[in-house]
DNA sequence: CTATTTTTGTGCTCAATAACACGATTTATA
DNA sequence: TATAAATCGTGTTATTGAGCACAAAAATAG
């Protein structure tokens, strides 16, 4: 609901109107709600809004983190460049999710990079402010502990899935994952995110040609249907089965 | 230094004497130091000591987490069973490192299992006590935030290394990793942990035969020397290079 | 100390998937 | 809208690393 409001706002932004403070605060409620009035005053002076174009880089591997980021609208990928320029998508983000804080808390530079899949709006808050608030506010601290714990659990599972499953299993898993992350369109079948075959390959740890081939195979098996970058999930159960058995 | 004391103690344990409270508290100082007197009183009533034999399971995938664990002596692996019974070692622990709390904070069951590489002593503390303390004590909260952040960064790097590097790169990386984790013996060359070829394979995402073969290759190339499970690092620089280029 | 089980080492085969090439199509841009 | 650039689709080939079998050696249990 609030997402909706913001979405409309980001349209009006195109016509040059910025988000109001109230709207931003509504978006970042997981950070905002735990705070007392004084803390809210501090925070509200600090945040800034940034807009990123499709495929624009948000931060680079190796850079020093300085701000927490909250994705207010759009879609973002977190990825890492590997051997021979092959990149691996580690995580994808939807509104409203927080990122870029892990490296700061971990005391190092970014080990991943971030880029916008689509035009995106991001709220940034200086990490020293966040650290101060975390030190004052236990509920906020617990929010980060929980989020990091979930992400670490996902990372542990993903490591094994990406290394041990076969191509079909990995691609099936990615499709389910995209459905769970970004949902479906009104037809209850089409994935709400349109990725290039290359991004799909980078998400599934395979080459682009293998993503293309396997996708066609899935289509001829009536598991999905493809129309350019639009993917319809036709048989989710069977996809899950393929994903599970690897 | 403190480690040393405990190490001796765990020997005397074999002769049936348990660790004293003071000794335990010295070990878990990262948890203990942030606490005030009242909190320390609470904590000191709660911990118990458990001993595990070589290769004994500490917890299983799918179980519900209830206690934080601190490894006081010994060596532990965190691993996950993958496709076709092949298991993947996700992380290894040395004294004094904390574990088993991620799943609890993440609100789910264990996605990994834990087992002792060697006879190990573990201090357990109920997670509801830990949660209470985290809610009262920001410094303690920050300890967990930092630890989880570091582990997540490592997991992100590892995902790409395990999926994209070739066998030689992965094994070289594991050897460096074991050296960094557990250090060397007095000769400044022999790894302080003796793993089976199977564990080495599970750490490096390969089959046991390939771990054996690649290890022999490394030995004939004078990168390492092998004597049963004892591995001497002869040319760390070249190993690092192999690890880096994949 | 002996018997049994587990681990290690090696050879061989084969499937999975990466790499490459190239034309067709779509998308972005001037 | 024209032109360039990126993406997609498909065929072919090359290579990595898994799978399996089996003997030798080592570790463990009785």
Evaluation of residue B:152 against (1) touching a strand residue (DSSP E or B) at 6+ places or on another chain (Cβ under 8 Å); (2) within 7 Å of chain A (Cβ to nearest Cβ); (3) surrounded by 22 or more Cβ atoms within 10 Å (Cβ to Cβ) (one fails), failing number
(1)
Of all residues in segment B:77-101, count the ones that are touching a residue at least 12 places away in the same chain (Cβ under 8 Å), surrounded by fewer than 19 Cβ atoms within 10 Å (Cβ to Cβ) and more than 10 Å from every other protein chain (Cβ to nearest Cβ).
2
Conditions: (1) crowded, with 20+ Cβ neighbours inside 10 Å; (2) over 13 Å from the mean Cα position of the chain (by Cα); (3) assigned to a strand (DSSP E or B); (4) more than 9 Å from chain A (Cβ to nearest Cβ). Residue B:51 meets all but one. Number of the miss?
(1)
Within segment B:205-219, take every residue that is within 9 Å of DNA strand D (Cβ to nearest atom) and crowded, with 20+ Cβ neighbours inside 10 Å and give me the one that is nearest to residue B:90 (Cα to Cα).
B:205
Checking residue A:129 against (1) surrounded by fewer than 22 Cβ atoms within 10 Å (Cβ to Cβ); (2) in a helix (DSSP H, G or I); (3) within 14 Å of chain B (Cβ to nearest Cβ), which single condition isn't satisfied?
(3)
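What residue, of B:223, B:191, B:184, is over 25 Å from residue B:118 (Cα atoms), more than 12 Å from DNA strand C (Cβ to nearest atom) and either surrounded by 14 or more Cβ atoms within 10 Å (Cβ to Cβ) or within 14 Å of chain A (Cβ to nearest Cβ) (or both)? Before you say what the answer is, go through the steps one by one.
On the way: B:191 fails: over 25 Å from residue B:118 (Cα atoms); B:184 fails: over 25 Å from residue B:118 (Cα atoms).
Residue meeting the stated conditions: B:223.
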Filtered residues of segment B:213-243 (kept if in contact (Cβ under 8 Å) with a residue 24 or more places away in the chain and assigned to a strand (DSSP E or B)):
B:224, B:230, B:231, B:232, B:233
For segment B:56-90, what are the residues that are within 26 Å of residue B:43 (Cβ to Cβ) and in a strand (DSSP E or B)?
B:58, B:59, B:67, B:68, B:69, B:70, B:71, B:72, B:73, B:76, B:78
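Test residue B:162 against the stated conditions and say whether it is part of a helix (DSSP H, G or I), within 16 Å of DNA strand C (Cβ to nearest atom) and closer than 17 Å to residue B:80 by Cβ.
On the way: part of a helix (DSSP H, G or I): yes; within 16 Å of DNA strand C (Cβ to nearest atom): yes; closer than 17 Å to residue B:80 by Cβ: yes.
The answer is yes for residue B:162.
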Go through the residues of segment A:163-178 one by one and say whether even a single one is at the interface with chain B (Cβ under 10 Å from one of its Cβ atoms) and touching a strand residue (DSSP E or B) at 6+ places or on another chain (Cβ under 9 Å).
yes
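Table: residues versus (1) within 18 Å of residue A:127 (Cβ to Cβ); (2) away from DNA strand D (no atom under 16 Å from the Cβ).
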| site | (1), (2) |
| --- | --- |
| A:20 | no, yes |
| A:38 | no, yes |
| A:55 | no, no |
| A:60 | yes, yes |
Does segment B:188-203 contain any residue that is within 12 Å of DNA strand D (Cβ to nearest atom), in a helix (DSSP H, G or I), closer than 26 Å to residue A:154 by Cβ and in contact (Cβ under 8 Å) with a residue 12 or more places away in the chain?
yes
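In segment B:54-93, which residue that is more than 15 Å from the chain's Cα centre (by Cα) and closer than 16 Å to residue B:174 by Cβ is modelled with the highest pLDDT?
Residues of segment B:54-93 more than 15 Å from the chain's Cα centre (by Cα): B:60-67, B:81-87.
Imposing the further condition that a residue be closer than 16 Å to residue B:174 by Cβ reduces the set to B:86-87.
Numbers: B:86: 88, B:87: 93.
So, considering only residues that are more than 15 Å from the chain's Cα centre (by Cα) and closer than 16 Å to residue B:174 by Cβ, the one modelled with the highest pLDDT is B:87.
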Could you figure out which of (1) crowded, with 16+ Cβ neighbours inside 10 Å; (2) within 14 Å of DNA strand D (Cβ to nearest atom) isn't true of residue A:168?
(2)
Filter segment B:102-125 for residues that are under 14 Å from the mean Cα position of the chain (by Cα) and part of a loop (DSSP other than H, G, I, E, B); which is farthest from the other protein chains (Cβ to nearest Cβ)?
B:119
Taking segment A:225-241 and keeping residues within 12 Å of DNA strand D (Cβ to nearest atom) and in contact with a strand residue (DSSP E or B) (Cβ under 7 Å, 6 or more places away or on another chain) leaves A:225, A:230, A:231
Selection status of residue A:212, away from chain B (no Cβ under 14 Å) and in contact with a strand residue (DSSP E or B) (Cβ under 9 Å, 6 or more places away or on another chain):
no
Please verify whether segment B:144-159 includes one or more residues that are under 21 Å from residue B:27 (Cα atoms), more than 15 Å from DNA strand C (Cβ to nearest atom), outside any helix (DSSP H, G or I) and out of contact with any helix residue (DSSP H, G or I) (no Cβ under 6 Å at 6 or more places or on another chain).
no
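The values are calculated or read from the model by the stated rules, or taken from the named source; none is laboratory data. All figures in this text were calculated on a predicted structure; none of them were measured in a lab. So basically every Cβ, Gly included, is an ideal-geometry build from the backbone, and we count neighbours across all protein chains shown.
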